[in-house]
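Shown next, in structure tokens, is the structure this report addresses.
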Amino acid sequence: MKILISTGGTGGHIYPALIIGKYLKENDIDIFYTIGKREREIEILKESNEKFINLPIGAPSDKLFYFQIFISLFKSFSIIKKEKPDKVFAFGSYVSFPILFITRLLKIPYYLHEQNSIPGKVIKTFSKKAEKVFISFYESKNYLNSNNIVMSGMPVREKIGKIDKGEAFKRFNLKDNKITFLLFGGSGGSKFLLDLVKEFEDEFFKLNLQGIIIKGNVKINQEFKFDTVILDYINDIEYAYGASDFVISRGGSSTIWEIIYSKKPAIVIPIKNSEHQNKNCELIKNYKIGVIFKEDDKDNFPKILNEFMKNLDEYKKNFTEFPFPDTKSIILKEILYDRKK
């Protein structure tokens, strides 16, 4: 069997696709990927050593974005005719639209995976005729027109939550007499998070904290008063989780599930006016494994941080109550069962 995996846009769509692709390859399924043309997408696929084909789609902010989508319909047709996939597995994002449009036109069976609690337009558009729609949050089913919804959870890298802390400390040359936090804002970084930590750096210093800061493409002009390891990007983020006692992050779906599987309490700060990030973050709050902090409440951050630190051990204990789904087995079972039909 040959499966085309369509993904792209951001790491939040690409990394889960690569993880699922790895699962499928381990079961003798031939895999190749289609992505967009953004530099970070190409970097991630090249680092993975997987076969991929670019569609000429950049960012939605590009002036010719809709023309790029139109042209990509023709390229998608060409790719599918040449590669002849038996099935297509799409991971949302606007980059998947041309592939899914042609896939449905040619009546090729397809699967979808939605990472966020509130599905995006592409997943909503194509959900009705999908063989299966895998979702990461139970709430997603309320937004989808499909009778084939499967609650699978989010695929995360296998080493997340399995790295020895001592080994991780050596990786970053950290001090073992300090509490360590990991801060990152998704694949593009977050200026708000970095500015927040800089503004209240005295509080971090008083609490004897040290930080692993993954800044993405955000510029940092000054050093912090407390000990930090600052990185642009990190491919083995499982080591950053392994070294950390807690996380400060945005509310992207991949981030939320990595926090959960790493069993690290978190202060999650959804992007202002991002409905799906606000909904994603509720999973952290509902299971009492961290807190949601809103951008508009910035002046209260020192109070929230201190309260969070007092309750850190309690948050850690609450992970024992979380119903961890066996995402790999759930998705493989569905795909492999359909292969036998």
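The values are calculated or read from the model by the stated rules, or taken from the named source; none is laboratory data. Given the structure is predicted, the values throughout are model-derived calculations rather than measurements. Every residue, glycine as well, gets a Cβ built from its backbone with ideal geometry; the counts of neighbours run over all protein chains shown.
Which of the residues spanning the range 1-22 are hydroxyl-bearing (Ser, Thr, Tyr) and more than 13 Å from the chain's Cα centre (by Cα)? Working first, answer last.
Residues of the range 1-22 hydroxyl-bearing (Ser, Thr, Tyr): 6-7, 10, 15.
Scanning the range 1-22 gives a single hit, Ser6.
Take the range 62-111 and flag every residue that is farther than 17 Å from Ser127 by Cβ and of a type in the set (Gly, Ala, Ser).
Listed by number, the residues that qualify are Ser72, Ser76, Ser78.
Those residues that are over 21 Å from Pro109 (Cβ atoms), under 23 Å from the mean Cα position of the chain (by Cα) and among the hydrophobic types (A, V, I, L, M, F, W, C), I need them from the range 302-339; list them, please.
Selection gives Phe319, Phe322, Phe324.
Tell me, yes or no, whether the range 298-321 has at least one residue that is part of a helix (DSSP H, G or I), within 25 Å of Lys132 (Cβ to Cβ) and modelled with pLDDT under 95.
Filtering the range 298-321 for residues part of a helix (DSSP H, G or I) gives 298-310, 312-321.
After this cut, where a residue has to be within 25 Å of Lys132 (Cβ to Cβ) as well, the list is none.
No, every residue in the range 298-321 fails to be part of a helix (DSSP H, G or I), within 25 Å of Lys132 (Cβ to Cβ) and modelled with pLDDT under 95.
Looking only at the range 44-59, filter to residues that are surrounded by fewer than 14 Cβ atoms within 10 Å (Cβ to Cβ) and within 19 Å of the chain's Cα centre (by Cα); which one of those is modelled with the lowest pLDDT? Write out each step before concluding.
Kept after step one, since they are surrounded by fewer than 14 Cβ atoms within 10 Å (Cβ to Cβ), are these residues of the range 44-59: 46-47, 49, 51, 59.
Next, only the ones that are within 19 Å of the chain's Cα centre (by Cα) stay: 46-47, 59.
Details: Lys46: 95, Glu47: 91, Ala59: 86.
Restricting to residues being surrounded by fewer than 14 Cβ atoms within 10 Å (Cβ to Cβ) and within 19 Å of the chain's Cα centre (by Cα), the top hit is Ala59.
Restrict the check to the range 227-236 and report whether at least one residue is assigned by TED's automatic domain parsing to the domain that holds Met309, farther than 12 Å from Phe172 by Cβ, more than 14 Å from the chain's Cα centre (by Cα) and modelled with pLDDT of 95 or more.
No.
Are any of the residues in the range 183-203 at pLDDT 95 or above, crowded, with 16+ Cβ neighbours inside 10 Å and farther than 18 Å from Asn306 by Cβ?
Scanning the range 183-203 turns up no residue that is at pLDDT 95 or above, crowded, with 16+ Cβ neighbours inside 10 Å and farther than 18 Å from Asn306 by Cβ.
Restricting attention to the range 17-39, does a residue exist that is in contact with a Phe, Trp or Tyr (Cβ under 6 Å, 6 or more places away or on another chain), surrounded by fewer than 14 Cβ atoms within 10 Å (Cβ to Cβ), farther than 22 Å from Ile256 by Cβ and outside the structural domain of Arg250 (by TED's automatic domain parsing)?
Narrowing the range 17-39 to residues in contact with a Phe, Trp or Tyr (Cβ under 6 Å, 6 or more places away or on another chain): 17, 33, 35.
Within this subset, residues satisfying the condition of being surrounded by fewer than 14 Cβ atoms within 10 Å (Cβ to Cβ) are none.
Taking every residue of the range 17-39 in turn, none turns out to be in contact with a Phe, Trp or Tyr (Cβ under 6 Å, 6 or more places away or on another chain), surrounded by fewer than 14 Cβ atoms within 10 Å (Cβ to Cβ), farther than 22 Å from Ile256 by Cβ and outside the structural domain of Arg250 (by TED's automatic domain parsing).
Looking at Lys288 and the list (1) in contact with a Gly (Cβ under 9 Å, 6 or more places away or on another chain); (2) farther than 21 Å from Leu194 by Cβ; (3) of a type in the set (Lys, Arg), which single condition is not satisfied?
(1)
Report, by residue number, each residue of the range 151-164 that is buried (at least 16 other Cβ atoms within 10 Å of the Cβ) and in contact with a strand residue (DSSP E or B) (Cβ under 9 Å, 6 or more places away or on another chain).
Ser152, Gly153, Met154, Pro155, listed by residue number.
Each row is one residue, and each column tells you yes or no for (1) aliphatic (A, V, I, L, M); (2) in contact with a Pro (Cβ under 9 Å, 6 or more places away or on another chain); (3) on the phi < 0 side of the Ramachandran plot.
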residue: Asp297; (1), (2), (3): no, no, yes
residue: Pro302; (1), (2), (3): no, no, yes
residue: Asn311; (1), (2), (3): no, yes, yes
residue: Glu314; (1), (2), (3): no, yes, yes
residue: Thr327; (1), (2), (3): no, yes, yes
residue: Ile331; (1), (2), (3): yes, yes, yes
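Say we look at the range 93-123 and pick out the residues that are within 16 Å of the chain's Cα centre (by Cα) and among the small types (Gly, Ala, Ser); which of these is surrounded by the fewest Cβ atoms within 10 Å (Cβ to Cβ)?
The extreme case among them is Gly120.
Within the range 283-341, which residues are among the basic types (Lys, Arg) and closer than 26 Å to Gly242 by Cβ?
Just the residues of the range 283-341 that are among the basic types (Lys, Arg), to begin with: 285, 288, 294, 298, 303, 310, 316-317, 328, 333, 339-341.
Residues satisfying the conditions are Lys285, Lys288, Lys310, Lys316, Lys317, Lys328.
Quick grid of which residues meet (1) assigned by TED's automatic domain parsing to the domain that holds Trp257; (2) among the basic types (Lys, Arg); (3) part of a helix (DSSP H, G or I):
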site: Pro98; (1), (2), (3): no, no, yes
site: Phe101; (1), (2), (3): no, no, yes
site: Pro119; (1), (2), (3): no, no, no
site: Lys129; (1), (2), (3): no, yes, no
site: Lys141; (1), (2), (3): no, yes, yes
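For the structure I just gave you, tell me whether Ser274 is touching a His at 6+ places or on another chain (Cβ under 9 Å) and at pLDDT below 95. Steps first, please.
Details: touching a His at 6+ places or on another chain (Cβ under 9 Å): no; at pLDDT below 95: yes.
So Ser274 does not fit the description; no.
Residue check, Phe324 against (1) part of a helix (DSSP H, G or I); (2) at pLDDT below 95, all met but one. Which one?
Against the list (1) part of a helix (DSSP H, G or I); (2) at pLDDT below 95, Phe324 comes up short only on (1).
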